[in-house]
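The structure appears below as structure tokens.
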Amino acid sequence: MKANITRSILIGALLTIALSFVPYAQFLTYPVRLFVTFIHEGGHALAALLTGGLPVALGVSPDASGVTLTHGGIGAVVNASGYLGATLYGALILAALRRGMAPKKLLTVMAASVALTLPLAFFGLVAAPGAFFALVTGIPIAGLLFLAASKLGRPNQELLVGFLGVQCVLNAFFDLRTLFLLSAQTNAHTDAQNMQQATLIPAIVWASLWMLSAVAILLGLVVRPMLSDLKSGR
């Protein structure tokens, strides 16, 4: 059972890698990229709530960047929770699939994860850049995920969950690589730059720490268990 699910996850990973070599494939995977952005911004919002703050507004831009406005909370946790939150989210989705959780439930969780960010987009129509775009893209993305949870057969659901989980992990990691380069070469406004302003520790240090944390999450929750499954043939 686990070996079959591990193969579904590996197919998702191979498909992700293959698409990176296909010209204009980014247009096909654009909705998936937006999905990852919703998870990233939702991570900021959740971190604010869990640390005593309040998420105020959320927006997603056509270039798949995003913004979450928060009030209060622990700044270090809120700033780190976008990239690391998306990595952890994807890793937990893959780990849950591997442990036998029904892919229908996982697709429902994914749909709800996007849907729960939409009130923040609505409240941000005045204050947050990209709030309207978040609404007009988030509603169909959540709807399609709910539809997949109710209509697809289990094998296809497993493949879709594997693909989306891998996309969360890899896109978050690639975004961290971009963040590292931006922190090394520019003073662009980023989560790492926010941390530099708050702590006086250089942005590149924060970007490096977040990259190492993402690698640890990937190895601990995804790679090692999958290798164990393949070796044991379970």
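Just a few scattered comments:
- Only alpha carbons enter this Debye calculation for the range 161-208, each as an equal point scatterer, and the log10 of I(q)/I(0) it gives at q = 0.16, 0.27 Å⁻¹ is -0.47, -0.87.
- When all protein chains stay in place and ligands, DNA and RNA are ignored, the 1.4 Å accessible-area order of LYS231, LYS151, LYS104, largest first, is LYS231, LYS151, LYS104.
- In summary, the aspartates and glutamates within cross-link reach of LYS105, defined as a Cα separation below 15 angstrom excluding same-chain residues under 8 places away, comprise GLU158.
- Computed FRET value (nearest 0.05) for ILE11 with ILE201, which takes r as the C-beta separation and R₀ as 35 Å: 0.30
- Protein accessible area in the range 139-186, 1.4 Å probe - carbon and sulfur %: 70 percent
- Inter-centroid distance (Cα atoms) of the range 140-158 relative to the range 86-111, Å: 13 Å
- The range 10-61: radius of gyration over Cα atoms, expressed as a fraction of 2.2 N^0.38 Å: 1.55
- Cα-based radius of gyration for the range 84-142, normalised by 2.2 N^0.38 Å, reads 1.34.
- Average accessible surface for the chain: 50 Å² per residue, computed with a 1.4 Å probe over protein heavy atoms with every protein chain in place.
- For the range 1-152, the calculated P(r) over all alpha carbon pairs, in 5 Å bins from 0 to the bin holding the longest distance, is 2, 10, 16, 20, 20, 16, 10, 5, 1, 0 percent.
- Carbon/sulfur fraction of accessible area - the range 44-113, other protein chains in place, 1.4 Å, %: 68 percent
The values are calculated or read from the model by the stated rules, or taken from the named source; none is laboratory data. Since the model is a prediction, treat every value here as computed from it, not as a measurement. So basically every Cβ, Gly included, is an ideal-geometry build from the backbone, and we count neighbours across all protein chains shown. Keep in mind that these areas ignore ligands, DNA and RNA; they rest on the heavy atoms of the full protein, side chains included. Shrake-Rupley method; radii C 1.70, N 1.55, O 1.52, S 1.80 Å.
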